[in-house]
Amino acid sequence: MKKLYNIFTLFAVLLTCNALMASSHREAPLIANDPLADNVDLYAFRSPDNPNTVTLIATYVPLQLPQGGPNYYTFGENIRYEIHVDNDATKPGDEITYRFTFKIVNEDPSTFFYIRLGKQNQKQPTL
């Protein structure tokens, strides 16, 4: 009986592990049509250099791998990215909203390549 119990426990653990690895960050049906606007993750942690502040890191464009370069995905030009922060749960709404928009500046208009002659060709300053 103990051996049968161990097999069921192992089976349950394997099912749980498989389910935990299943997220692709592309599960929302409407955002799948606009991957440049897809907010993948938002990280918030106490800043290591100043413990009285919080550092926010947001990632966009799911499933982009480091070896996918040198032509990486860019931020969308017709998209307003926002990060909403609610510091006080007793009040409705957000106390802080960070908004970002981007524009692609192509320094060599004769090409669309991200890297041109060993230099970054396409740059995206925030507006």
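Coordinate-derived values only; no laboratory data. Keep in mind the model is a prediction, meaning the values are calculated, not measured. All Cβ positions, even for glycine, are placed from backbone atoms using ideal geometry, and neighbour counts span all protein chains on display.
For this structure, a couple of remarks:
- Cα gyration tensor shape of the stretch 25-123, rounded if a/c is under 1.5, else prolate or oblate by comparing a/b with b/c: prolate
- Förster radius 22 Å - calculated FRET efficiency between Ala44 and Ile104, Cβ distance, rounded to 0.05: 0.15
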